[in-house]
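Heads up: the structure comes next, in structure tokens.
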Amino acid sequence: MEWEIIYYNEELQSEILAFPAGIQARYIHLTERMCAYGANLGMPHTRAMKGGLFELRMKSKEGIGRVLFCTLVNKRIVMLHSFIKKTEKTPTHDLKLAISRMKEVKENADT
């Protein structure tokens, strides 16, 4: 059984599709690998953040993109928040938004 990718909402999916072409190409490539092999692709592709939150790391000549995600039972990956990285550290407001969305998703998850 392959892994399934779910988006927190349609707006997030649109934001990811609006990434610059190189970052978007990396996203598509990495999510195809995640569907086949699971959410943990290891560095430099994925990294554990904290409390069950992970980041998908994309880099291209246009810049650096991140998509924060979590996993649920039955091989489901939930994309929670995306942004183009402009600073070395993940901005606090992006992290807080992803954590609150993760809590909401996990509370409402049908196991």
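The values are calculated or read from the model by the stated rules, or taken from the named source; none is laboratory data. Since the structure is predicted, the reported quantities are computational estimates derived from the model, not experimental observations. A quick note on method: Cβ atoms are made from the backbone with ideal geometry, for glycine too, and the neighbour counts reach across all protein chains shown. Just the protein is used for accessible areas: all its heavy atoms, side chains included, with ligands, DNA and RNA removed. Shrake-Rupley method; radii C 1.70, N 1.55, O 1.52, S 1.80 Å.
General remarks:
- Solvent-free Debye scattering, log10 I(q)/I(0), computed from the Cα coordinates of the chain at q = 0.10 Å⁻¹: -0.25
- Contour minus Cα-Cα distance for ALA21 and THR92 (0.36 nm per residue): 22.9 nm
- Each of the peptides 52-62, 17-27 was scored by the mean count of other Cβ atoms within 10 Å over its residues; in descending order, highest first, they stand as 52-62, 17-27.
- Point-to-point label distance, TYR37-SER100, nm (Cα→Cβ direction, 7 Å offset): 3.5
- Solvent-accessible area per residue for the chain (1.4 angstrom probe, square angstrom): 59
- Accessible-area composition of the chain, carbon plus sulfur, in percent [1.4 Å probe]: 52
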